[in-house]
Amino acid sequence: MDVFAEAPPVGDEEVRVGCIQSGDVQAAVFQSRQGGVATVPFRQTVVLQSRLLG
């Protein structure tokens, strides 16, 4: 599991990407937001999606 975030300075919209591999399945989880604070911790989102792929 790898998590990437934009390097500062971040523009109006911040984008994060999580890459997951389970067996022969590869998945990418994207999260973007404009200003403010993210309501869901991104790392937790990626971990939960990874568990769903199992």
Exercise. Residues of the range 13-41 being of a type outside the set (A, V, I, L, M) and in contact with a Gly (Cβ under 7 Å, 6 or more places away or on another chain), which ones?
Worked result: 22
Exercise. Is there any pair with a first residue in the range 18-41 that is within 14 Å of residue 2 (Cα to Cα) and at pLDDT 90 or above and a second that is surrounded by fewer than 14 Cβ atoms within 10 Å (Cβ to Cβ) and of a type in the set (Gly, Ala, Ser) whose Cβ atoms are under 6 Å apart and which are 6 or more apart or on different chains, and what are they?
Worked result: 19/28
Exercise. Across the range 21-47, which residue is nearest to residue 10 (Cα to Cα) among those that are of a type in the set (A, V, I, L, M, F, W, C) and open to solvent by 90 Å² or more (accessible area, probe 1.4 Å)?
Worked result: 37
For this session: Take the residues in the range 2-37 that are of a type in the set (D, E, K, R) and assigned to a strand (DSSP E or B), then tell me which one is nearest to residue 50 (Cα to Cα).
Result: 2
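The values are calculated or read from the model by the stated rules, or taken from the named source; none is laboratory data. Here the structure is a predicted model, which is why all the values come from computation and not from measurement. Quick reminder, even Gly has a Cβ in these numbers, built from the backbone with ideal geometry, and neighbours come from all protein chains shown. Heads up: the accessible areas ignore ligands, DNA and RNA and are worked out on the full protein's heavy atoms, side chains in. Shrake-Rupley method; radii C 1.70, N 1.55, O 1.52, S 1.80 Å.
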